[in-house]
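The values are calculated or read from the model by the stated rules, or taken from the named source; none is laboratory data. Note that this is a predicted model, so its numbers are computed, not measured. Cβ coordinates were reconstructed from backbone atoms using ideal geometry, including for glycine residues, and neighbour counts include every protein chain displayed.
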């Protein structure tokens, strides 16, 4: 009987536990997590804060009691793994409520520790109320603060996924938002022309943008930016990035890659074959370049959980590279992307061309249609698709999903014109925007 120990009970950790049980009814599975809530949908937390999702408990997918009753999996919350004794195949655990330490033996150890929100050193930060949003407890703290203190304004540091989603949800509550972003344009993973449309949408919804700057000093409600500008805000929210929780792995001597994540092989094994790593703290490979890449998103974590479960239970399947496919809602606008952006393509000096199609989400004569922009980068020589971005108010995600499928299937930019995609006036046009990109790329 295999003894499997998992560090982390959110996303990848909870999923891999359930997947292993599906394939192995006899294995002894034990999960440890230092937080108090397991198996919750972290991506929904901004919408709970904004009262879009009224019942915060709807984010919780399972409890330790349910895992035990339905799947015979033991989950210990508020228990932190502090040491891996690799030679003995034992994990040292500390009960965070009692301080007691004990050892847990394993045949296989799965690390799914996630990441920690980056909090920059900022002069005077202790003089004001500030938050990060990384877990369920962070969400509760922010929501409780808004309910009790009734702030009129907030400054958000960071214009990535969480920053944009929080800007929308705070505006939904009537809170004034100042959005400060270090890069020259918002949502730096996108191309500048796509990001510009997001900036226009933010401004139209009265979000005040401060790009190319950062918060350097705080004096109660007064904030000083790196460009010398001063702002006022009742509280701060930092969303400038995530640091993978690799300390446990580092202390155990496991290999850490150039991206800062735990190095994994094609089966998600670390440099110790009895230890696996998944989720935000693991390093993987880029689908296009084959180079190391870290993608802290939910879908890859769930896929990695499946691969580990299959490998441990004797059904090895190799991982594929990651594209970093993502989508974000910004008020009535949606932006999605996959693969490489212009900046990366130029940095790597890749020979590429770009096709841009601006058209409608569906038939222009149908009342419910909207404009969209679909932008696709492709290799000049092989014609393989390298990356794509789409932005608009309707039908954005499905276009990028088609491109993703094409990339995984090895299709070229020219193949897109031949795809027989769904058409009816409420949904598309006889030549879908994806087809149009293919037609535009065909050379004489």
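Is it the case, given these coordinates, that residue 195 is crowded, with 21+ Cβ neighbours inside 10 Å and over 26 Å from residue 48 (Cβ atoms)?
So residue 195 fits the description; yes.
Is it the case that region 398-405 has a residue that's assigned to a loop (DSSP other than H, G, I, E, B), in contact with a strand residue (DSSP E or B) (Cβ under 8 Å, 6 or more places away or on another chain) and in contact (Cβ under 8 Å) with a residue 12 or more places away in the chain? Can you show your working first?
First, pick out the residues of region 398-405 that are assigned to a loop (DSSP other than H, G, I, E, B): none.
Among the residues of region 398-405, not one is assigned to a loop (DSSP other than H, G, I, E, B), in contact with a strand residue (DSSP E or B) (Cβ under 8 Å, 6 or more places away or on another chain) and in contact (Cβ under 8 Å) with a residue 12 or more places away in the chain, which makes the answer no.
Would you check if residue 65 is part of a loop (DSSP other than H, G, I, E, B) and either without any contact (Cβ under 8 Å) to a residue 60 or more places away in the chain or more than 15 Å from residue 8 (Cα to Cα) (or both)?
On the way: part of a loop (DSSP other than H, G, I, E, B): no; either without any contact (Cβ under 8 Å) to a residue 60 or more places away in the chain or more than 15 Å from residue 8 (Cα to Cα) (or both): yes.
Taking the combined requirement at face value, the residue does not satisfy it.
A quick yes/no check of all residues on (1) outside the structural domain of residue 188 (by TED's automatic domain parsing); (2) in contact (Cβ under 8 Å) with a residue 60 or more places away in the chain; (3) surrounded by fewer than 21 Cβ atoms within 10 Å (Cβ to Cβ); (4) under 23 Å from the mean Cα position of the chain (by Cα):
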residue: 338; (1), (2), (3), (4): yes, yes, no, yes
residue: 346; (1), (2), (3), (4): yes, no, yes, no
residue: 375; (1), (2), (3), (4): yes, yes, no, yes
residue: 388; (1), (2), (3), (4): yes, no, no, yes
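Mind telling me which of the residues 359, 364 ends up being more than 25 Å from the chain's Cα centre (by Cα), farther than 28 Å from residue 295 by Cα and part of a strand (DSSP E or B)? Show your work before the answer.
On the way: 364 fails: part of a strand (DSSP E or B).
Only one candidate passes the filter, namely 359.
Here is a list: 217, 203. Which entry is surrounded by fewer than 17 Cβ atoms within 10 Å (Cβ to Cβ) and in contact with a strand residue (DSSP E or B) (Cβ under 6 Å, 6 or more places away or on another chain)?
Details: 203 fails: in contact with a strand residue (DSSP E or B) (Cβ under 6 Å, 6 or more places away or on another chain).
Of 217, 203, the one residue that is surrounded by fewer than 17 Cβ atoms within 10 Å (Cβ to Cβ) and in contact with a strand residue (DSSP E or B) (Cβ under 6 Å, 6 or more places away or on another chain) is 217.
Considering every residue within region 252-264, establish whether at least one is in contact (Cβ under 8 Å) with a residue 40 or more places away in the chain, outside the structural domain of residue 168 (by TED's automatic domain parsing), closer than 22 Å to residue 2 by Cα and not in a loop (DSSP other than H, G, I, E, B).
No, that holds for no residue.
Only one residue in 355, 327 is crowded, with 18+ Cβ neighbours inside 10 Å and modelled with pLDDT of 95 or more. Which one?
Working: 327 fails: crowded, with 18+ Cβ neighbours inside 10 Å.
Within the list 355, 327, the selection yields 355.
Restricting to region 138-181, count the residues that are out of contact with any helix residue (DSSP H, G or I) (no Cβ under 8 Å at 6 or more places or on another chain), within 18 Å of residue 52 (Cα to Cα), in contact (Cβ under 8 Å) with a residue 24 or more places away in the chain and surrounded by fewer than 23 Cβ atoms within 10 Å (Cβ to Cβ).
So the count comes out to 5.
Provide a single number: the residues in region 34-56 that are on the phi > 0 side of the Ramachandran plot and surrounded by 19 or more Cβ atoms within 10 Å (Cβ to Cβ). I'd like the intermediate steps shown before the answer.
Taking region 34-56 first, the residues on the phi > 0 side of the Ramachandran plot are 39, 51.
If we keep only those that are surrounded by 19 or more Cβ atoms within 10 Å (Cβ to Cβ) as well, we get 39.
Count: 1.
Restricting region 10-33 to residues that are surrounded by fewer than 19 Cβ atoms within 10 Å (Cβ to Cβ) and part of a loop (DSSP other than H, G, I, E, B), which is nearest to the chain's Cα centre (by Cα)?
Only one residue fits best here, namely 24.
Say whether the condition of being in contact (Cβ under 8 Å) with a residue 24 or more places away in the chain, assigned to a strand (DSSP E or B) and closer than 24 Å to residue 296 by Cα is met by at least one residue in region 213-236.
There is at least one residue in region 213-236 that is in contact (Cβ under 8 Å) with a residue 24 or more places away in the chain, assigned to a strand (DSSP E or B) and closer than 24 Å to residue 296 by Cα.
Go through 134, 71 for me and flag whichever is modelled with pLDDT under 95, surrounded by 14 or more Cβ atoms within 10 Å (Cβ to Cβ) and over 19 Å from residue 276 (Cα atoms). Give the steps one after another, and end with the answer.
On the way: 71 fails: modelled with pLDDT under 95.
One residue alone meets the criteria, 134.
Does region 94-106 contain any residue that is touching a helix residue (DSSP H, G or I) at 6+ places or on another chain (Cβ under 9 Å) and on the phi < 0 side of the Ramachandran plot?
At the first step, the residues of region 94-106 found to be touching a helix residue (DSSP H, G or I) at 6+ places or on another chain (Cβ under 9 Å) are none.
The answer is no, given that none of the residues of region 94-106 is touching a helix residue (DSSP H, G or I) at 6+ places or on another chain (Cβ under 9 Å) and on the phi < 0 side of the Ramachandran plot.
So which of 80, 88 ends up being surrounded by fewer than 19 Cβ atoms within 10 Å (Cβ to Cβ), closer than 30 Å to residue 254 by Cα, assigned by TED's automatic domain parsing to the domain that holds residue 28 and in contact (Cβ under 8 Å) with a residue 24 or more places away in the chain?
80
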